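This report refers to the structure that appears directly beneath it.
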Amino acid sequence: MEVVKSPLEMQNIALNLKKAGKRIGFVPTMGYLHEGHLSLVRRAKQENDVVVVSIFVNPLQFGKNEDLDRYPRDFERDCSLCEREKVDYIFYPSASDMYPEDFKTYVEVKDLPDVLCGKFRPGHFRGVTTVVLKLFNIVQPDNAYFGEKDYQQLKIIQRMVKDLNVPVNVIGCPIVREPDGLAMSSRNKYLSEEERKSAVFISKALFQVKETFERGERDVNKLKDMGINILKQAPLIREIQYFEVVHPESLEPKEIAESSDVVAVAVYIGNTRLIDNIRL
Ligand code: PAF
């Protein structure tokens, strides 16, 4: 496994691999890897000749009062996990190499970022699409793998790729959960023992709503009330930012739930913002 820091060097390696006819699988991450990331790496290994993992905590996608400075980092540990999974390259650029002082170009998808997380994190998805397009241009992947936990992110990236004719196949992969249902996230690291207990109510609410839908309930207001009531039982959930049932592609809120709609939730537990979702 090789660690590459320079964007130019990574791009040259990728272009040479492509010339040699290799299929490149790419897993973009912000590091502090967990089983969710590793499931993406394993899928990428199966479907490609070469696997590149990027580790870059992208300052552009963090708001002023968000957790950029305290975002968990452990590069050594990430390296050994990648080594174990037989990753071929880790791309590990610096912020100044990715965004030199004269940087002036941004990528913005319209409408899709106006709902769910985007409503509460202005500029976040512009930061995501900008860095992801840069990473795609540097790593030249055939296939790129994203977790469905960040469902809105996945849909926005798929839209960007389609609208801008980016020759990358963007593949969404299932959420990986802890045995008690909590969706894996690098941010789970922030939770105290007591907060961790409250966090379980997030997936509990989603599972209950899905079960109620499967028993025939289609009224979104009723499904939402049920989910929110479960979240309210968690002593340390201090804010429910949203609990929505949305169309899986347009992300528009629904009134009558249908199969394959997405139930998406964001809450604050202490200073930790957690998101999760489930497909009906
Ligand atoms: O999902 C993430 O970890 C990040 O948003 C991504 C896609 C690596 C872009 O910084």
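The values are calculated or read from the model by the stated rules, or taken from the named source; none is laboratory data. Every value quoted in this text rests on a predicted model; they were computed, and no experiment measured them. Using ideal geometry, Cβ is built from the backbone for each residue, glycine included, and neighbour counts are taken over all protein chains shown. The area values use the complete protein model at the heavy-atom level, side chains included, leaving out ligands, DNA and RNA. Shrake-Rupley method; radii C 1.70, N 1.55, O 1.52, S 1.80 Å.
See the values below:
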item	result
Calculated on alpha-carbon atoms, Rg and Dmax of the chain in Å	19.0, 57
D_trans [Stokes-Einstein, Kirkwood Rh over alpha-carbon pairs] for segment 212-280, 10 °C, 1.306 mPa s, µm² s⁻¹	128
Charge dipole magnitude, Cβ of K and R +1, D and E -1 - segment 126-271, Cα centre, debye nearest 20	340
Zone residues, segment 231-250, relative to D111, backbone N less than 11 Å from point 7 Å out along Cα-to-Cβ	250
Accessible surface, the chain, averaged per residue in Å² (probe 1.4 Å)	49
Radius ratio Rg over Rh of segment 78-228, counting only Cα atoms, Kirkwood formula for Rh	1.01
Qualifying lysines (Cα of each under 23 Å from Cα of K224; at least 8 residues distant if same chain)	K119, K149, K155, K197, K204, K210, K232, K254
Difference of contour (0.36 nm per residue) and Cα-Cα distance, E193 to F103	28.2 nm
Selected from I230, S186, H247, residue furthest toward positive end of dipole (segment 145-256; charges at beta carbon)	S186
Relative contact order %, the chain, counting alpha carbon pairs below 8 Å whose residues are six or more apart	17
Portion, in percent, of the accessible area of the chain that falls on carbon or sulfur, probe 1.4 Å	46
Gain on full stretching of the segment that runs from K5 to Q233 - 0.36 nm per residue minus C-alpha separation	77.5 nm
Range in the chain, longest, excluding exposed GluC sites (Glu not before Pro) [loop by DSSP; at most 11 other beta-carbon atoms within 10 Å]	102-254
DSSP beta bridge pairing in the chain, given as percent antiparallel to the nearest 5	50
From phi via Karplus (6.51, -1.76, 1.60), per-residue ³J(HN,Hα) for segment 179-185 in Hz, x at Gly/Pro	x, 8, x, 4, 5, 5, 7
Where the Cα pairs of segment 140-256 fall when distances are cut into 10 Å bins, in %	12, 35, 33, 17, 3
Range in the chain, longest, excluding exposed chymotrypsin sites (Phe, Trp or Tyr not before Pro) [loop by DSSP; at most 16 other beta-carbon atoms within 10 Å]	107-280
CD proxy at 222 nm, helix term only [per DSSP H run n ≥ 4: -39500 (n - 2.57); per residue of the chain; nearest 500]	-12000 deg cm²/dmol
At least 20 Å along the helix axis (C-alpha) and Kyte average at least 1.0, DSSP helices within the chain	124-139
